[in-house]
Every structure is written in C-alpha cells, then in structure tokens.
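Just below is one structure, and these are the notes that go with it.
The values are calculated or read from the model by the stated rules, or taken from the named source; none is laboratory data. If you're wondering where the values come from, they're calculated on a predicted model, not measured in any experiment. A quick note on method: Cβ atoms are made from the backbone with ideal geometry, for glycine too, and the neighbour counts reach across all protein chains shown. Ligands, DNA and RNA are stripped out before the accessible areas are found, and what is left, the full protein with its side chains, is counted by its heavy atoms. Shrake-Rupley method; radii C 1.70, N 1.55, O 1.52, S 1.80 Å.
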Amino acid sequence: MSVVKCTHCHLEFDEKVMIKELENPELNFCCNGCQGVYHLLKDDGLDSFYDKMGKNSIAPPVALGADSSNFDMESFKSRYIKTTNEGFSRVDLIIEGIHCAACIWLNEKVLGQTDGIVEASINFTNNKAKIVWDEDTIKLSEIIDKIRSIGYNAYPYDRSESEKQATKNNRDYFLRMSVAIFASMNLMMIGVAKYTGFFTGMEEDMLRLIHMAEFIFATPVVFYSGWIFYRGAYYGLKNKILNMDFLVSSGATLIYIYSLYVLFGGEGHSYFDSAGMIITFVLVGKYLEVIGKKGAVDTMDKIKSTIPLEATIIVDGGKKIVAIDKIEVGDIIEVKSGEKASVDGQIISGESSFDESSISGESLPVSKKSGDKVYSGTINLNQVIRYKAIKNYANSTLNSIVELLEDSLNSKPKIEDITNELSKHFSVVILSLAIATFAGWYFYEGSFENSLIIAISVIIIACPCALALATPIASLIGVSWLAREGLLFKEAKFIETFAKANTIVLDKTGTITHGKLSVVKGNYEVLNNEQLNILYSLVDSSTHPISKAIKKYLEENFENIAHIELENIEQVDAKGLKASYNGDNIFGGNSELLEEVQINIGKEYHSTIYHFAIGSKLLVTFELEDTIKEDAKETIEYLHSQDIEVIMCSGDNEQIVSKVASEVGIVNYQAKMSPIDKANYISKLKDEGKIVIMAGDGVNDALALSRASIAISMGNGADISIAVSDVVILNDSLKGLEKSVYISKRTFDFIKQNLAISLVYNVLTVPIAMAGYVIPLVAALSMSLSSLLVVGNSVRINNKKYKGD
C-alpha cells in the first residue's frame, strides 16, 4: 500500500483514496475541504503558508455545513459583541487548532484580507483572537465560516470558562508535581543505599537491583511529570526557539539515556536519581512561581468577586430576580441594605450611603439621594433604594475595570521586549557552551561519562527563565498594587513610561482644583421664568464644571424650573456655549465669547465668570469660585522632589491661573489656552525630547491627552477624556498622581534589580559549572532557586507601604 501526504494538511493517507487533479497530477488531497483551502490560499497569494508550516501537519478543514447562524443571534450579540468608539463591532474568540506561528500567520492574513474586517490579531499564548469588523459589510457568521474554511474553528471567549480551564490545568500541574515529589523521595532513599554501598562495598547484583529500582521511579518523573517541559520544548523548536523547557528536558533526557546504558551493562555510574531530581526541582520551582503570581492575580479576583450574580428588577409593580447580564438600560432595580449595585444607574427613590471602596479605594461611605449615580459593585449600607439602569452589565464601571486590568496584563513594557529577545538567544549560547565544555573535558580527560555530566550541568544551571520572569512578575505585582489604590493602568507598559517621565502637564479645573465651582454672586432676579428655563437648559447640556455649578445653583434657588429643547447647541472651545431658541441666539460663557459676538459686558472681571445673553442683550453675569484640592500642593512638591517639571495649562484668564499656580507652587503655567493650543503645547514639549504625562478631566482636554506620552483622566471626568486616557485615577484625588509615580518608579527599580539578579547569577554559575564544580543535581536546585529569587524579590515591591498611606 502506497502512503502519500495531503498537499494541504500534510496528513498521510492511502494513495488510492486521494483526490487527484488532471492538470496538476503532483497534487494530492485527502478531502474536498483541503483541495478548496489549497486553491483559496493559492488564488489569494497566501501559498507561502506552506513554507512557514514546514513539515508540520494540521487538521483538515471543519465542514462548512456546521451551522454558524447562532453567531448572528441577538442573544449572542448582547453577551459577546461590543461596539468600538468608531462604530465597528468587536468580539473576542478562541481559535481551535492553532499549533504554531504559521497557523497564526495564516488566520491573520486570511481574515485581514477579508472585506469588512478592520482588525484581526491573535495571541499565541492563549489563542485568543480580537476581531473588529463592519456589520454593514460582513456578518460574524461569515467570519466564522471563513475561519472554518481554512481548517480551524472558533468559539466566543468567556472569562468564566477560561478560569475553569485554568483551574483544570493547575490541578493537572499539581498532580504531576505530586507524582514527581513522591518518586523523588523514594529515589533519595534508594540513593542513600547506593552511595553508602560505594564506600562500604556492594555486590554487582545488588547494585543492578538498585539501578532497576531507580529506573522504575525515575521513568514516570521524567516522562509524566516532565511532560510539560517536553511539550514546551517541542513547540519552541517548531517555532525555532530554544527555550528553558528545551534545556531542562534535554538535560534530563541525556542523563536518563546514559543511565539506561549503564543499567543494561554499560560501564560507569547511573544517574536516574539526578534525572528525576532535575525535573522535580524545576517543577516545584515553577509551582512556587505560580504561587508568587497568584498573590498579584488575587487583586483582580477580589475585584471580580464584588460583582453580584443577580439583581432584583421591578416589572409591572412586582419584583423579579434576573441574572445581571439580562439587565437592560432603563430597567428599575431595587437594592436592599447590604446588597451590591449590579450595574451603573441613577437613583429615582430613597436615600442611603454606599461603600465605594471597590471602585475608588476610599473607605468612607458616600451619601446618595435621588438623582445621584450609583456604580456597579458598590454596597448599599442603609436604606432600600431604587434606581434606573443607565448602563448594561457589559459597559458597567466594575466590568470595565476588570477588562482594563486584563488588557493591561497582556501588554508588555519595552524592557520586557528586550529581555525576551535576550532569552531567545540565551539558550543557543548556553547549548553552544555545553557542547564546547563536553569537547574540552573529553579532550582533557578522555572520560566520556565525566564530560557528559559536566556538559549537562552547564545546560541545567543556566536559567533563561529567571531572565524571562524579571519583567512580567514585577509588572503584574505593580499593576495589581496600583489597582488596589484606585489607579487603573490600561497597559502594564505605562509603568516604564511613568518611571522615566520628566514633565507633567496638569489641567487646572477639576485636576488641581475640585472643579466644583460655587456661585458667589449673580443678579438672577432680572430673569423671567422663560429666561431662567433657557439658562437652565443651556448649562444642563454641558459637563463643564462652570455649567454644573450654575445648574446646581439654579436648582437650589428655584423649585419650578423646567427643561426646554434648545436648538443648534454648540460648544465653543475654552469660551462657552452657543444655542438658539425660537429664532433667538443664546450665549453662555466667558467675556471672550461675548466680545466675539460684539455684546458689551460693561466692565472687566478678574474672577471666574459666566455671562448669559439672549440676542444682543447681556441679561446676567455670575461670579464663581473654585477651591484647590487639599493634597495638590503636597503632590506638586513631591513631583518636584523627583526632578519632574510640573506645568499647568488652563483656558482661564491670566489672573485666575496665576493665583492658583502661586498657591500650589507651580512656576511654569499657561493661561487662555484652547484645546488646540494645549495639544500643540504637548507636541512641542515632546519634540524637545521630554517624556510628557498629562492629567485632565474635561471634553476640552481630550485632544491634548491624546498627544501626551501618557494621558491621565480623573475619575469624575467626561467619558471622552477617560476613553483616550492611558491611566484612570478612580478616586479623583491628585494624590493618585503621586502614588502612580511612586509605585511606577519602585516597580521599575525592581524590574532592573531582577534583570541584574538573573544576569549576575548566570555570569557566576555557568563558568563554575563549566569548570566541573557542579553536579546536575545541584545545578537543577540552583536553577530553581534563581527563578524563586526573582519571584521573591518581586513580591517585595509592595512590602514597603506608600508613605502617604
């Protein structure tokens, strides 16, 4: 029977069952699916996939008859599909059947060339694909069919299912480690007898029996417990990478094979115990690494645990308990004392206090009344309240925090990219040194056994793992510490940028000041009811602190004020608002706005003011005051102590900005800046070679924030400024900026310490092993300890509490 490989999937079949083509007789296909995919790739110019795949094989294509219509169902869309800021659809999928880099290349290429798909990126570590597409051009079911047509399958990424899979993997890992420890303990006891016999004398038959016993216990350790290293080495080699798994598995295998040679009559000493111990020590070391990581990951688990599983909604006067992912915007939700808010909403009845520590990190309760917002995961401490949902579960504050944390841990600092490149070349260097060591010792002594053992010690003692762990472990702990302080870094790489920053630009209103202006003077008595309603409706259309302050002032002083529909509402950058009503132009803002439309304001003001005019007539002027945040001066002093230049930019007039700057100790400040001015100023600073952090909270800060090296949004800011920011300070305290700098610098210092530890370890231990002073057993223990040293050093990051706590 003649066996041939399928031209597409490379699986072998009897030649008789293969599909042949008359025009291309050299092609062989096991099924119509493989034939179709081959020509699809050929026609699209993607046939270089087969060069990348090499001699590997893949599964044949999934049958296109499999129903994919469920991916277009409304229930699926509401649960798994999100809408991006640009209006496209996004879904996270797990791609089944990916085995190597070529598989990822093929999927990304095919999807990337499909009309309607905006972005397709796949994470090789977990096969999680991020797909962004235009619903008007292509359906998700068609994308799934496209993936299936090239030999893979896809299903939606579900966080809870991924956690279950992780738990299953951890149990398997623990079982392998338990087998290794049990067998190694027996190997140690047998070793005591063997080495005692070397000194007191032992018959050949007894020694052979001991070798056999060692073989029995070492075999499951090497091939069952050590399977994870062989698997890691296999996939590393498939991707042309010599990793730590390759060093461990090759070292253990060489010792095992040599010991088999001795067992079956060869001259020399067996080292079954060393083979088993190598696997056991490294396995235990990696397990302790997992324990070290778990402490950091627990922060995310604690945040997730604050999300309730169900909620009580009011339907037709009755109560109904539903799962939180079934809650829709507009539903009325009841929260009793001691219960958690399930989604974000606005209170419509009742008053109570809420524990918002899970969101902001602040321990003091926050009083809430009708009209106030409540956030998902916060705890009702007193009375029963009812509120209207303004967001569904997927877009709620707490779920967004969890997603930001998960995304941040997937990103890498620049320094980690460098260390990963070093790790790739490290193993090649060590393997070369081991071969040279073997050749040198064999030439010097002529002993194959001793030369092999010394070379194996060199392979095992070297630790690219410690080098690879240096950055991610510290970053994970740093991001988790920041999260506990109410500081959300959207990507872990921002820790490095924060640590290196030398310039911080601060917006004034809402960042240095509370942004809660209060009206101290205003001759509102001249306004009639209609004019009051127009003014109220105008300020209600803006999130600017001045508009909010006037809105609050009107609500406190007038009971029957009403909202009316204004037309052509327009925000004028750094000046105010324009609108129209019943044919009249409406203006609300500062003096520059009124001067621009040639309305006489009568006198010059040196405080924060708000003019209100209808047509060409100025009706009323409000004077407002803001207060500086209590911790602003102390924070700015700390930033100066860290050699960071602090600059304040504001759209307010020179007198107000100068006064605030002098009170908080800022020397460099810019006044009367439009959003474009701020953005250009940030660009200018970056062109000068400065690493610029900017903190702001308003819509007018969004453009400047997008230009900064790192953009920080205060927690009470407008949604657009939070969307473009890299870091969110949830508790709205400027102290969060100080903490961010402190924790980032401390984390980055520990990353550099970890790199130094791993490099010094290898520089010292590899030459000692090459000199023949280390046996494989000690090398394995030393290798594990080096990784644990890096993990242990990283855990120290948050041992030193922040001085301001």
Seminar exercise, completed: Checked Glu592, Glu565 against criteria (open to solvent by 90 Å² or more (accessible area, probe 1.4 Å) and not polar (S, T, N, Q)); the one match is Glu565
For this session: Check off (1) farther than 23 Å from Val741 by Cβ; (2) free of Cβ contacts under 8 Å to residues at least 12 places away in the same chain; (3) open to solvent by 80 Å² or more (accessible area, probe 1.4 Å) for Gly583 and give me the number that stays unchecked.
Result: (3)
Problem set entry | Identity of the residue in the range 640-660, at pLDDT below 90 and open to solvent by less than 10 Å² (accessible area, probe 1.4 Å), that ends up farthest from Gly696 (Cα to Cα) | Val657
Exercise. Can you tell me which residue in the range 658-677 is farthest from Thr608 (Cα to Cα), limited to those that are assigned to a helix (DSSP H, G or I) and touching a Gly at 6+ places or on another chain (Cβ under 9 Å)?
Worked result: Asp677
Exercise. If you check every pair at least six apart or on different chains, which have Cβ atoms under 8 Å apart with a residue in the range 320-332 that is over 13 Å from Ser396 (Cβ atoms) first and a residue that is in a loop (DSSP other than H, G, I, E, B) and open to solvent by 40 Å² or more (accessible area, probe 1.4 Å) second?
Worked result: Ala323/Leu309
Seminar exercise, completed: Considering the range 513-532, residues that are open to solvent by less than 40 Å² (accessible area, probe 1.4 Å) and touching a Ser or Thr at 6+ places or on another chain (Cβ under 9 Å), and then whichever is nearest to Ile647 (Cα to Cα), we arrive at Thr513
Exercise. Taking Ile636, is it under 20 Å from Ile710 (Cβ atoms), crowded, with 17+ Cβ neighbours inside 10 Å and in contact with a Gly (Cβ under 6 Å, 6 or more places away or on another chain)?
Worked result: yes
Problem set entry | Every residue from the range 661-687 that is at pLDDT below 90, open to solvent by 60 Å² or more (accessible area, probe 1.4 Å) and charged (D, E, K, R) | Glu663, Lys672, Asp677, Lys686, Asp687
Problem set entry | Check on Lys617, open to solvent by 40 Å² or more (accessible area, probe 1.4 Å) and free of Cβ contacts under 8 Å to residues at least 60 places away in the same chain | yes
Exercise. Ile586 passes all but one of (1) closer than 19 Å to Ala695 by Cα; (2) touching a helix residue (DSSP H, G or I) at 6+ places or on another chain (Cβ under 7 Å); (3) not in a loop (DSSP other than H, G, I, E, B); which number fails?
Worked result: (1)
Exercise. Can you tell which of Glu630, Glu634 is over 30 Å from Asn585 (Cβ atoms) and part of a loop (DSSP other than H, G, I, E, B)?
Worked result: Glu630
Exercise. Within the range 596-614, can you find the residues that are among the aliphatic types (A, V, I, L, M), open to solvent by less than 30 Å² (accessible area, probe 1.4 Å) and assigned to a strand (DSSP E or B)?
Worked result: Ile609, Ala613
Exercise. Which numbered condition trips up Ile144, out of (1) under 29 Å from Tyr224 (Cα atoms); (2) touching a helix residue (DSSP H, G or I) at 6+ places or on another chain (Cβ under 7 Å); (3) assigned to a helix (DSSP H, G or I); (4) at pLDDT 70 or above?
Worked result: (1)
For this session: Give me a count of the residues in the range 549-583 that are aliphatic (A, V, I, L, M) and in a strand (DSSP E or B).
Result: 4
Exercise. If you scan the range 568-578, which residues turn out to be surrounded by fewer than 19 Cβ atoms within 10 Å (Cβ to Cβ) and at pLDDT 85 or above?
Worked result: Asn568, Ile569, Glu570
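Listed here are the residues, each with its yes/no results for (1) over 30 Å from Leu788 (Cβ atoms); (2) modelled with pLDDT of 80 or more; (3) not in a loop (DSSP other than H, G, I, E, B).
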| site | (1), (2), (3) |
| --- | --- |
| Ala711 | yes, yes, yes |
| Ile720 | yes, no, yes |
| Asn731 | yes, no, no |
| Leu737 | yes, yes, yes |
Seminar exercise, completed: Within the range 575-622, of all residues that are of a type in the set (Ser, Thr, Tyr) and under 18 Å from Val526 (Cα atoms), the one farthest from the chain's Cα centre (by Cα) is Ser616
Problem set entry | Options Thr765, Thr747; residue that is open to solvent by less than 10 Å² (accessible area, probe 1.4 Å) and either farther than 29 Å from Leu705 by Cα or touching a residue at least 12 places away in the same chain (Cβ under 8 Å) (or both) | Thr747
